[in-house]
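Chemist: I have a structure here, written as structure tokens, and I will follow up with some questions on it.
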Amino acid sequence: MSKNDLYMSTSNLATLARPFYDLVSIYFIQQQNHMFSFLAKKQPTTAHINGVAILVDPKETVLQAALRHGIDFPHSCRVGGCATCKCRLLQGRVKELTRSSYVLSDQELDQGYILACQSVPQSDISLQVDLSARQPVQRLSGRIIGQQRLTHDISALQIQL
């Protein structure tokens, strides 16, 4: 085998290996981009609540976004303890900030119910919520006639209507 033949076979090998090298390079670039994707700024998602579209900011709960957009969404405690904000997730994914299995029944969980105050959308979502059971807002005037300090940050107020 001559020196020229050896050079030709090595050259052919490099030519044949080039597409494989390109694929491996592309794979590693994609992996590197994926590896640091958590640093990318997250974009708002869209929530359709009974057909009304609203934007939900990253790390914002469905309830916070609904109230910010003026939707009279049923709620009470805002910490996942009362289930007043219970709604049905029809489409999409949410991240639950706390487990809702102690508030919602197994049947409700199987039907896709979530707590809006504890759910942050991970994709565009579609929800159904019963707004008919909403109690009308009632405004009352009163005067504080007594205050008892219960802890360093909690006080009991006595109000005369």
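The values are calculated or read from the model by the stated rules, or taken from the named source; none is laboratory data. These numbers were taken from a predicted model, which means no experiment stands behind them. Here the Cβ is made from the backbone with ideal geometry for all residues, glycine too, and neighbour counts use every protein chain on show. Heavy atoms of the whole protein, side chains included, go into the accessibility calculation; ligands, DNA and RNA do not. Shrake-Rupley method; radii C 1.70, N 1.55, O 1.52, S 1.80 Å.
Chemist: Summing +1 for each Lys or Arg and -1 for each Asp or Glu, what net charge is found among the other residues whose Cβ lies under 13 Å from the Cβ of SER100?
Modeler: Its environment carries a net charge of 0.
Chemist: I've got another one for you. Which order do the peptides 60-70, 142-152, 99-109, 78-88 come out in when sorted by mean C-beta neighbours inside 10 angstrom, highest first?
Modeler: 60-70, 78-88, 99-109, 142-152
Chemist: How much accessible area per residue does segment 80-161 have, counting only protein heavy atoms and a probe of 1.4 Å, in square angstrom?
Modeler: On the way: 6050 Å² over 82 residues.
The answer is 74 Å² per residue.
Chemist: Which residues does the label zone of GLN128 cover in segment 97-122, counting backbone N under 15 Å from a point 7 Å along Cα→Cβ?
Modeler: The answer is 108-114, whose backbone nitrogens lie closer than 15 Å to the label point.
Chemist: Which percent of the accessible area of segment 105-155 is formed by carbon and sulfur heavy atoms (probe 1.4 angstrom)?
Modeler: 44
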